[in-house]
């Protein structure tokens, strides 16, 4: 394995994706628990619990579930590509909120071409 420096919210977004996959398949448990423990070891217990049980983390889980389900439906042309794209943008917004609420640095990820969604009030 390699180590990669990423924004904190990026790491928690990845954890939430693994959490979603773990819920859908027990084959994903090891990847989830390894990531969970690796991240957990970087924070004191109070900070960890405040983040992992936060509404912001739950929003990331919801956004990733929405995106995952949209991709599955898109495989059979049940939803448009634009809908999948919008779900992915909601995922980005959830990451931004997590980063903003728990860390002093802004999210470094930059989404391009999403001006049309920026003014929508839709949430997960």
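Which one of 69, 19, 27, 85 is part of a helix (DSSP H, G or I), at pLDDT below 95 and either surrounded by 14 or more Cβ atoms within 10 Å (Cβ to Cβ) or in contact with a helix residue (DSSP H, G or I) (Cβ under 8 Å, 6 or more places away or on another chain) (or both)? Even if it seems obvious, please write down each step before you answer.
Working: 69 fails: at pLDDT below 95; 19 fails: at pLDDT below 95; 27 fails: either surrounded by 14 or more Cβ atoms within 10 Å (Cβ to Cβ) or in contact with a helix residue (DSSP H, G or I) (Cβ under 8 Å, 6 or more places away or on another chain) (or both).
When all the criteria are applied, what remains is 85.
Which one is nearest to the chain's Cα centre (by Cα) among residues in the range 1-16 that are free of Cβ contacts under 8 Å to residues at least 24 places away in the same chain and surrounded by 12 or more Cβ atoms within 10 Å (Cβ to Cβ)?
Top of the filtered list is 14.
Scanning the range 41-54 for residues that are in a helix (DSSP H, G or I), in contact with a helix residue (DSSP H, G or I) (Cβ under 9 Å, 6 or more places away or on another chain) and surrounded by fewer than 16 Cβ atoms within 10 Å (Cβ to Cβ) yields 47, 48, 50. From the set of residues in the range 89-107 that are in a loop (DSSP other than H, G, I, E, B) and touching a residue at least 24 places away in the same chain (Cβ under 8 Å), which is nearest to residue 48 (Cα to Cα)? That would be 103.
The values are calculated or read from the model by the stated rules, or taken from the named source; none is laboratory data. Since we're looking at a predicted model, the values are computed, not measured. When we count neighbours, we look across all protein chains shown, and the Cβ atoms used for this are built from the backbone with ideal geometry, even at glycine.
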